Structures are given as C-alpha cells and as structure tokens.
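Here's the structure we're looking at; comments come further down.
What follows is calculated from the coordinates using simple rules that are stated; it is not laboratory data. Note that this is a predicted model, so its numbers are computed, not measured. All Cβ positions, even for glycine, are placed from backbone atoms using ideal geometry, and neighbour counts span all protein chains on display.
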Amino acid sequence: SQQGEEDPQALSIQEGENATMNCSYKTSINNLQWYRQNSGRGLVHLILIRSNEREKHSGRLRVTLDTSKKSSSLLITASRAADTASYFCATVDSGAGSYQLTFGKGTKLSVIP
Amino acid sequence: DGGITQSPKYLFRKEGQNVTLSCEQNLNHDAMYWYRQDPGQGLRLIYYSQIVNDFQKGDIAEGYSVSREKKESFPLTVTSAQKNPTAFYLCASSGMGELFFGEGSRLTVL
C-alpha cells in the first residue's frame, strides 16, 4: 500500500528558483524520509525527519513535518540543473513491527538552465 | 567501495521463463529489500529480509520468490506465475534507518 502522496506530480522551474514539494500521508509515523531518483537510476537518500522534529536542514534542502496535518514539505533553494530528478517521500509507520518504508509516487522536478 | 550491486542491469525474458536478479551488498546491513517500480509510479515492496534465513512478503509478493542464505546476498526470482513482470526492480539494504539502493535491474518480457 502506498501511503505518501506527493504534490505536485510534476514541477518545472528556472535555475536559481526555489522548488517546493509536498507529501501527505495517512497513518501515524515513526519518521519520514525524502529520496531522489535520477532517470533510470537507483534512489538516493536525502534526509530523514523524526516524528518529534518539525524542521530539518541539509545544505540547500529544508524539510518540514507537521504531524497534526500528516504532511511534510521539501524545499530546494537556489535550484540547479543538476537537481532535475524525481523526488519521493517515504514513511515508516509507528506501529510497524518491522522497519518498512512506504513510498509515494513522487514529484518529477525539471530545472531549466 | 561500499554499496549495493545489482545485476544484470537489463534483462529480457520470454513468457514462461523464470529469471533471477542478483543483489549483493558489502555494507554489513542486516535488512535487505526488493522493490518494483512501474513508469510514473512509486516503489512497491515485494519481499524483505531482516536476518539471514528469514524473509517476509511485502505488498506484491505473488509470482516472486527470494532466498537469504548469506548476509550479503538477497536474490529475487521472477517466476512465470508473475503476470506482468516488465518493470524496474530495485534492491536496497538498511542499517540504522535510511535505505541504500542499488542501480536497479530493468526486466522486459518479450
């Protein structure tokens, strides 16, 4: 079952602009993670935010988590053409007996030089 | 270099044939996973293993089989019972929370 739903499905911006992607989920979570996938490649972990955290930064990335709204956002500042990729959120349910991630369908980001 | 190696990268299969996708990791991770990705879709969990000689079905295990005889290896067999096997298959492992992925294997049924 897919829990995370990213929004928008696709996003096209100019280089230098900021990109914001959103993720909504349905159940209580232990943590939420964001991954990046270049076309035809494997996924790369970007950032993990725990359920008791509200905001986290890593370089040009900023992730927020609102557990009351069951939503998260990923902000990429000063985007570059190399940021062109699909971005997925993934959740770990708090009630899960094992460590399983449930992925959304992703946001396809295109950064135009 | 530490990481996950999947092979082959591309694989073609005739209907009715079983195929096995290889996944090897040298990260010393206990947990390993197999995901399937269809175009424009997210990842769906096929099987996972938290320890050697033990594995669990994921959301879409029908038509697939796995083994975990060694900590480093978690091969996936796509059997002839899988009705729509054409997809991109991703193997991953985890230690402390995040997943590390291989580069994927693209299977096409002719």
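For this structure, a couple of remarks:
- Listed by position, the strands (runs of 3 or more DSSP E) contained in chain A that have at least 1 residues being more than 14 Å from every other protein chain (Cβ to nearest Cβ) are A:10-14, A:19-24, A:55-58, A:61-66, A:71-76, A:107-112.
- Count of residues meeting criterion [more than 8 Å from every other protein chain (Cβ to nearest Cβ), within 20 Å of A:Thr91 (Cα to Cα) and within 11 Å of the chain's Cα centre (by Cα)] in region B:93-110: 1
- Leading residue by the ranking (farthest from B:Arg68 (Cα to Cα)) among those in region B:8-23 that are among the polar types (S, T, N, Q) and assigned to a strand (DSSP E or B): B:Thr20
- Criterion violated by A:Ala85 - all others in (1) free of Cβ contacts under 8 Å to residues at least 40 places away in the same chain; (2) surrounded by 15 or more Cβ atoms within 10 Å (Cβ to Cβ); (3) aliphatic (A, V, I, L, M); (4) farther than 19 Å from B:Gly97 by Cα satisfied: (1)
- For the criterion of being out of contact with any Leu (no Cβ under 7 Å at 6 or more places or on another chain) and away from chain A (no Cβ under 13 Å), B:Glu69 passes.
- Annotation: of all residues in region B:72-92 being assigned to a loop (DSSP other than H, G, I, E, B) and surrounded by 20 or more Cβ atoms within 10 Å (Cβ to Cβ), the one that is nearest to the other protein chains (Cβ to nearest Cβ) is B:Phe74.
- B:Glu62 being part of a loop (DSSP other than H, G, I, E, B) and in contact with a Leu (Cβ under 8 Å, 6 or more places away or on another chain): no
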